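Encoded as structure tokens, the structure appears first; notes follow it.
The values are calculated or read from the model by the stated rules, or taken from the named source; none is laboratory data. In this text the structure is predicted, and so the values were computed from the model without any measurement. Reconstructed Cβ throughout: ideal geometry from the backbone, glycine too, with neighbour counts over all protein chains shown. Heads up: the accessible areas ignore ligands, DNA and RNA and are worked out on the full protein's heavy atoms, side chains in. Shrake-Rupley method; radii C 1.70, N 1.55, O 1.52, S 1.80 Å.
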Amino acid sequence: MTFKSKIDKTFAYFIGGAIFIIALATLVPALYEIFSDDVDVKAVAIISILFIMCVGFILWITFDIEYSFREKYLFIKGGPFKSKIPYEDITKVNKTSQILAGYRILSSKDALEIHYKKAVLGSVIISPCEQQKFLRILSEKAPHISMK
């Protein structure tokens, strides 16, 4: 079973603000260059391509987030970032609102922190849409974990 990430308004505004700042930093100089007397087409093309790549990457890691229950592990994917967490390695799951630090693949403040044995930073923070259903399936797959 696969769950999408919940997206809240605060996170959407944050991403929109980041894209706006990137647009100001890249497109304003490009427009200035276009309306100057001596247009450097290569510079405008490079700046435009950088803008498209940056915004595309941000949108990819923001809206392509999935949490899938596989036979032996929980598969977490956010854009190019992927994690396979074996059920037997999961030690604890708790709700958290501390989403600014640590390894996180989420798009909402309403999040779950999954602690597991081989985690580089000790845990991963996720935000599945249907949290109660997600927790129920996780407890079926890994009945040994502590849920708070």
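Here the chain exposes an accessible surface that is 64 percent carbon and sulfur, computed with a 1.4 Å probe and the other protein chains kept in place. Most fluctuating residue of PRO86, PRO29, PRO128 in a GNM of the chain with Cα springs under 10 Å: which is it? Top of the fluctuation ranking is PRO29. Residue by residue, the range 128-133 carries 3J(HN,Hα) couplings of x, 4, 9, 4, 5, 5 Hz when phi is fed to the Karplus relation 6.51 cos²θ - 1.76 cosθ + 1.60 (θ = phi - 60°); x denotes Gly or Pro. Does anyone have the angle between helix 41-63 and the longest principal axis of the chain? Alpha-carbon axes, 0 to 90°, nearest 10? The angle comes out at about 20 degrees. Counted by Cβ distance under 10 Å from ASP64, the other residues give a net charge of +1, where Lys and Arg count +1 and Asp and Glu count -1. Helix content alone sets the calculated 222 nm mean residue ellipticity of the chain: runs of n ≥ 4 DSSP H residues at -39500 (n - 2.57) each, divided across all residues, give -14000 deg cm²/dmol. Cross-link reach is defined here as a Cα-Cα straight distance under 19 Å, omitting same-chain residues fewer than 8 places apart; for LYS77 the aspartates and glutamates meeting it are ASP8, ASP64, GLU66, ASP89, ASP110, GLU113, GLU130.
Heavy-atom accessible area per residue, the chain, 1.4 Å probe: how many Å²? Value returned for the chain: 61 Å² of accessible area per residue. How far is helix 9-34 tilted, in degrees, relative to the longest principal axis of the Cα atoms in the chain, given as a value from 0 to 90 rounded to the nearest 10? Helix 9-34 sits at roughly 20 degrees to that axis. Among residues other than ALA119 whose Cβ falls under 15 Å from its Cβ, what is the net charge (Lys/Arg +1, Asp/Glu -1)? Local net charge: +3.
Taking Lys and Arg as +1 and Asp and Glu as -1, the other residues whose beta-carbon sits under 12 Å from that of PRO86 total +3.
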